[in-house]
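The values are calculated or read from the model by the stated rules, or taken from the named source; none is laboratory data. These numbers come from a predicted model, not from an experiment. Note that each Cβ is placed from the backbone with ideal geometry, even for glycine, and that neighbours are counted across all protein chains shown.
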């Protein structure tokens, strides 16, 4: 690659990212997009400690490598964020995306407060 060729890769990736972001805004509710983005950011925190551990053990001289307890801390950090990222996916992101396929109608929104215990039923309101 010559000088300035890398900018075309960068601009190409950014163009795809922006186009997909605009499409995603029309495909999913805003809260679902925020949850998915936050969960992906959580998974980045799973990869980063493992990458740091690999780089430190591979390229640093033994004299300045982090101690064993710090390396164990990096692995535990990765497990911690992996656990909570997975739980977020299972309990928030996946059910929300499935629920987006079935949105309540105007009638369901209007009479939703009448479905509480002690409230008159819909049939009684007609």
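Residue-wise test of (1) closer than 30 Å to residue 79 by Cα; (2) over 17 Å from the mean Cα position of the chain (by Cα); (3) free of Cβ contacts under 8 Å to residues at least 12 places away in the same chain.
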site	(1), (2), (3)
15	no, yes, yes
30	yes, no, yes
37	yes, no, yes
43	yes, no, no
50	yes, yes, no
Whether any residue in region 69-80 is surrounded by fewer than 10 Cβ atoms within 10 Å (Cβ to Cβ), in a helix (DSSP H, G or I) and either modelled with pLDDT of 95 or more or in contact with a helix residue (DSSP H, G or I) (Cβ under 8 Å, 6 or more places away or on another chain) (or both) is what I want to check. yes
Qualifying positions in region 25-37 - surrounded by 14 or more Cβ atoms within 10 Å (Cβ to Cβ) and part of a helix (DSSP H, G or I): 32, 33, 35, 36
Determine which single condition residue 50 fails, assuming it passes every other condition in (1) assigned to a helix (DSSP H, G or I); (2) modelled with pLDDT under 95. (2)
